[in-house]
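Asker: Take a look at the following structure, please.
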Amino acid sequence: MNSIRQVPSRVKSRRTEASLGAERDHFDKQQLSSISKAITSSETPVKEKHARRIILGTHREKGAYTFWSYAQGFPLASSSILSWKFCHVVHKILRDGHPNVLQDCMRHHSSLIEAGKLWGHLHDRYGQLVALYTNLLCTKLEFHVKHSEIPPNLEVTDEVLERTAGTDINNVFQLTVEVFDYLDTELRLAETVIRQLNTSIAISSLTSGQCRLAPLIQVIQDCSHLYHFTVKLLFKLHACLPADTLQGHRDRFHDQFRSLKSFFNKTRDMLYFKRLIQIPRLPDSPPNFLHAASLAKHVKPVVVIPDDDESEQQDEDDDEPEPLIEVSDVSTSSIQSQPQIDIFDQAFGPPNGGFDDRDLQIDSLKSEIELLRADLERVKAEAQRYITQLKSQINSLEAELEEQRMQKQRALVENEQLRMELEATRHRNAEHESLQTTFIEADKRAQATEQRYNKLKEKHTELVASHAELLRRSADTVKMLSATQQTQEEVERTKQQLSFEVDRIKQDADMKLEEQKFEMERLKRELEEKMAEVMRTKATLQNSEKSSEQMNSSMTALQAEKERLMRSVSEKEAELSSLRQAAQVQQSSLQQERERSGRELGELQGKLKEKTNQEEQMKKKLLEEQFALLQGTITEAENIIQDAVAKLDDPLHVRCTSSPDYLISRAEATLSSIDKMKKGHADYLTNMEDAGGLLRALTQFSHLAADTIINGSATAHMAPTDHADRLAENCRGCGLQSVQYLRELKSKTSLQRADPASIRIIIQKILHLGQELRPKGMDIRQDELGDLVDKEMAATSAAIEEAVRRIDEMMNQARKDTSGVKLEVNERILFSCTDLMKAIRMLIVASTELQKEIVEGGRGAATIKEFYARNSRWTEGLISAAKAVGWGATEMVESADKVVLHTGKYEELIVCSHEIAASTAQLVAASKVKADRNSKKLSGLQQASRHVNEMAANVVASTRTGQEHLEDKDTMDFSGMSLIKLRKEEMESQVKVLELESQLENERLRLGELRKKHYDLAGVPAVQVPEGNGETPSLVHPVTMSPKPSKPALMKKPALAQKPNIPPKALFK
């Protein structure tokens, strides 16, 4: 040992690193071996020792990272038996593994769903089982992630279940439904396995049958706990809700009870389960939830897994067992001593001439390890027995606890009944006081009220007896309350029931008060009758003066009887005062009890607030974790898209090619992923505690967008130059917009306003370019394009000349028919229209000259028709622009004619001016796209285009000025109105303003829909934004006007063709 202490520190550190690295390598190898042996395609059950090593590995690394890193390589889609055993192992590590296994498995939730869907569509026996098993695992993951207080093994106390359910009856109702769904998935899997086993040749003693039956052990363990949860929650629901409301819950529970009992009975009779698990027995009939006392009869079913040492010894044939715990530090050092000795010998040579005393120490330590292992096995066996005994004791104690709770509930019910009787006694005392007052008044007429007094005396005797009985019950109640002070926590649970009883008691008290009032009125009527009888008696006495002497003697006797009755009344009053004092004492004690209950209620509310604060902190932490996960996903998505954009400039990528059809399929998939991403974004903003949908959508979008960018660049390598340049630019823009959108999602400040609309626009551009690159037929023969261009330009010039002529005719007619201000306005408008037509004619001439220059400079040895045919898209743009200019000129003449004749609107003339400006801008853009930038004719065309815009602006200005001159504006004189009248006029004006604003908004929506329909008919997407080769961006999308149905077909506005997608002239030099 002294020689080891003398080793340098660097050598020791190297030994430690080497030992740790070797230990980690040994752990990885052992886990890989156990996983590969546990999850195989052979139809045999998973060996317990391999599953146990995998579970111990999760506890060692505090998670299931190693398991999933190896499990992802399994070909689950190729073998249904492999998938079945994989689900079995996942179920075991969820139940018995480290608590962090739940979160690690939740990350692979989508993989489980996909595997289940795959095998669910295939007609395979194990495939059907795998689909049900993956559904069970997904339900289990979702349930325990949502209710983190309940672990995956479902072993929790009733207090934890009560705390999870909470006091809100809606939460209890929702939790009950979730437990029902959980139990349904368990029973569905079990029933399918039993049904397949009954219909197949295999039995439970064969490996093929055991392979199916092995996962049912975990299903039995889950079902026992879920059955107990269901019973507890249903009793709690029936204590707070009416029985009719929960009829559906009871029916569903009865179905599950019958299925679960049948499942337990069938598995209990199988030989395979008898040595592996002790299955509990369910009662013959389900609990009666309508009777609260049935809860005391419920016994929680307990599943016991016996300790099977023989099976473990049989499994120890190919690998050494891993110790479950560290025996001692000495054993660990002895295990690692051999590699340390080898390193020391290599560095410094063997000490003492090749003999070392440490060999003897190693041998002694090995013998000690063997002894400790034997002791450990013995301790494990004893601990297992103790665990079994303790579980049985726990079950009995839980049954006793339930019985004590029922007794406490019965005591509370009796206490409430005593309180109700006390209140009845108080009402009777009040009634007694009213009767006593009546008796005092009737005492003045003793002869007439003696019979009534006897009745009151009897009632008083009954009240005294009942009051004494109530005092005895009150004393018993005080004793019971003192005995139940430790169970005040149940007061909160019965608070709603007590409030209901108090309301009912109040109603009964009101009814009794009404009865007492009725009794008082009846007594008053009887008293009046008695008074009348007394009066008749007095009259009789006056008439019988002769018998006065006899009456005097009887009066003397009556007077004596009266005095005796007065003394008895005073005695009764003394007794009543004592009874009142006792009642007051009882009331003060009840008031103290009520105050103490209020204080305890305040303490419970304080604890509830603390629990609420803790839950809020947990929710905040969950939100932070979800956002951190979202940021990590966004970072990966940015890297994927940036890598795709970088490949656009990669020289090695130039050789890659792709077809337009594949690019279209990728672009369409990307558009659908954008919709999913937008939906996931909206769901995440609605519920920021769950970012799963957004994460999946972002992952899919990043891969599809990168695929679209790469395939777009590859398609551009085989496309014409103009299409290739635009396709490459759109691919680069797609990457930039995607990164910008992801950065907006990455920040909390811009998360709300993040919108993928710009990405959608660029993807649609790429999709449109791909469709253009597809081979397709032409509507017009290419050899006819050249003639069609000349015809359209000539027709446009003719339309302009015709418009100028008609304007001159309208001016002459206006000078004959109008005069004064109207003539001045009409002349100004018609002059401006004439100037605009002249400017358009100059533009047509300049465009025609520029086209000739382009054709002569670009056709080379080809003819003009061949040049137009070779540049067919540019030619179609010229034809469409020429048609639009001719149609705009015709519409302007029609509008001007209507304005002069006062049958049209000035706004129509303004819109026509904008339309002509936009159409001429389209013609200029189509003409200059192939022109040389240094061409003088191009400068002349641009000058003519600016002149057209100025003339169009003059038309708009003259129209608005004339409209202002001709409109009559009333002077606003409000001097003669009162305050109320002004207020009324103001409200009417506000109503009219709101109506006009509503009409304006509706017309804008209609205009937007008309523009969309226009672009759809023209073959251009409504969201497409043309590139900046035109004059003014505002004129690229002109204000369209639908032609009237009454006009001839030649006068209708032609379909707006797509802007010519032709690169600049510099590319053809």
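The values are calculated or read from the model by the stated rules, or taken from the named source; none is laboratory data. Since this is a predicted model, take the numbers as computed values, not measurements. Cβ atoms come from the backbone with ideal geometry, glycine included; neighbour counts cover every protein chain shown. Ligands, DNA and RNA are stripped out before the accessible areas are found, and what is left, the full protein with its side chains, is counted by its heavy atoms. Shrake-Rupley method; radii C 1.70, N 1.55, O 1.52, S 1.80 Å.
Asker: Right, T66: over 30 Å from the mean Cα position of the chain (by Cα) and part of a helix (DSSP H, G or I) or not?
Answerer: yes
Asker: Right, here's the next one. Looking only at the stretch 175-189, decide whether some residue is closer than 22 Å to S83 by Cα, open to solvent by 20 Å² or more (accessible area, probe 1.4 Å) and in contact (Cβ under 8 Å) with a residue 24 or more places away in the chain.
Answerer: yes
Asker: For the stretch 711-746, which residues satisfy the criterion of being part of a helix (DSSP H, G or I) and in contact with a Cys (Cβ under 8 Å, 6 or more places away or on another chain)?
Answerer: Result: G712, S713, A714, A716.
Asker: Could you pull out every one of the helices (runs of 4 or more DSSP H) wholly within the stretch 88-153 that has 1 or more residues that are under 16 Å from I220 (Cα atoms) and of a type in the set (S, T, Y)?
Answerer: Result: 125-146.
Asker: Mind checking which pairs have a first residue in the stretch 205-225 that is β-branched (V, I, T) and a second that is open to solvent by less than 10 Å² (accessible area, probe 1.4 Å) and in a helix (DSSP H, G or I), Cβ under 6 Å, 6 or more apart or different chains?
Answerer: V219/E186; V219/A190
Asker: Taking A669 and the conditions (1) among the hydrophobic types (A, V, I, L, M, F, W, C); (2) within 21 Å of D755 (Cα to Cα); (3) touching a residue at least 60 places away in the same chain (Cβ under 8 Å), which numbered condition does it fall short on, given that it satisfies the others?
Answerer: Status for A669: all satisfied but (3).
Asker: Quick one: would you say L648 is in a helix (DSSP H, G or I) and touching a Cys at 6+ places or on another chain (Cβ under 7 Å)?
Answerer: yes
Asker: Sticking with this structure for a sec: Can you pull out every residue in the stretch 123-137 that is open to solvent by 30 Å² or more (accessible area, probe 1.4 Å) and without any contact (Cβ under 8 Å) to a residue 40 or more places away in the chain?
Answerer: H123
Asker: Please specify each residue of the stretch 932-951 satisfying the condition of being of a type outside the set (K, R) and within 16 Å of H914 (Cα to Cα).
Answerer: Within the stretch 932-951, S945, H947, V948, N949, E950, M951 meet the criteria.
Asker: Confirm whether S224 is in contact with a Pro (Cβ under 9 Å, 6 or more places away or on another chain), open to solvent by less than 70 Å² (accessible area, probe 1.4 Å) and of a type in the set (S, T, Y).
Answerer: yes
Asker: Within the stretch 621-632, is even one residue outside any helix (DSSP H, G or I), modelled with pLDDT under 85 and either of a type in the set (S, T, N, Q) or more than 24 Å from I761 (Cα to Cα) (or both)?
Answerer: no
Asker: Now for a different question. Could you tell me which of the residues N826, N812 is of a type in the set (S, T, N, Q), farther than 30 Å from V929 by Cβ, in contact (Cβ under 8 Å) with a residue 40 or more places away in the chain and part of a helix (DSSP H, G or I)?
Answerer: None of the other options fit; the residue is N826.
Asker: If you take the residues of the stretch 65-85 that are aromatic (F, W, Y) and open to solvent by less than 10 Å² (accessible area, probe 1.4 Å), which of them is nearest to S34 (Cα to Cα)?
Answerer: Ranking the candidates gives F67 first.
Asker: In the stretch 156-197, what residues are among the β-branched types (V, I, T) and part of a helix (DSSP H, G or I)?
Answerer: Result: V160, T164, I169, V172, T176, V177, V179, T185, T192, V193, I194.
Asker: Tell me which residues, restricted to the stretch 256-297, are surrounded by 14 or more Cβ atoms within 10 Å (Cβ to Cβ), charged (D, E, K, R) and within 28 Å of A214 (Cβ to Cβ).
Answerer: Those that are surrounded by 14 or more Cβ atoms within 10 Å (Cβ to Cβ), charged (D, E, K, R) and within 28 Å of A214 (Cβ to Cβ): K261, K266, R268, K274.
Asker: Being open to solvent by 30 Å² or more (accessible area, probe 1.4 Å) and of a type in the set (A, V, I, L, M) is the filter; apply it to the stretch 687-721 and report the residue that is modelled with the highest pLDDT.
Answerer: Filtering first and then ranking leaves I710.
Asker: Considering every residue within the stretch 614-629, establish whether at least one is more than 19 Å from the chain's Cα centre (by Cα) and within 30 Å of E744 (Cβ to Cβ).
Answerer: yes
To keep it simple, each residue is scored yes or no on (1) closer than 30 Å to T818 by Cβ; (2) open to solvent by 10 Å² or more (accessible area, probe 1.4 Å); (3) free of Cβ contacts under 8 Å to residues at least 24 places away in the same chain.
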| site | (1), (2), (3) |
| --- | --- |
| G877 | no, no, no |
| G888 | yes, no, no |
| K898 | yes, yes, yes |
| G904 | yes, yes, yes |
| R933 | no, yes, no |
| K937 | no, yes, no |
| L941 | no, no, no |
| H947 | yes, yes, no |
| M951 | yes, yes, no |
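Asker: Can you tell me how many residues in the stretch 138-171 are open to solvent by less than 20 Å² (accessible area, probe 1.4 Å) and in contact with a Cys (Cβ under 8 Å, 6 or more places away or on another chain)?
Answerer: Count: 1.
Asker: Mind checking which pairs have a first residue in the stretch 373-384 that is part of a helix (DSSP H, G or I) and a second that is at pLDDT below 85, Cβ under 6 Å, 6 or more apart or different chains?
Answerer: From residues that are part of a helix (DSSP H, G or I), the pairs are Q384/D307.
Asker: Looking at (1) in a helix (DSSP H, G or I); (2) touching a Pro at 6+ places or on another chain (Cβ under 9 Å); (3) closer than 16 Å to Q218 by Cβ, find the lone condition where I55 falls short.
Answerer: (2)
Asker: Next question. Being modelled with pLDDT under 80, among the polar types (S, T, N, Q) and more than 30 Å from E827 (Cβ to Cβ) narrows it down to one residue among S939, S927, S989; which is it?
Answerer: Testing whether each residue is modelled with pLDDT under 80, among the polar types (S, T, N, Q) and more than 30 Å from E827 (Cβ to Cβ) leaves just S927.
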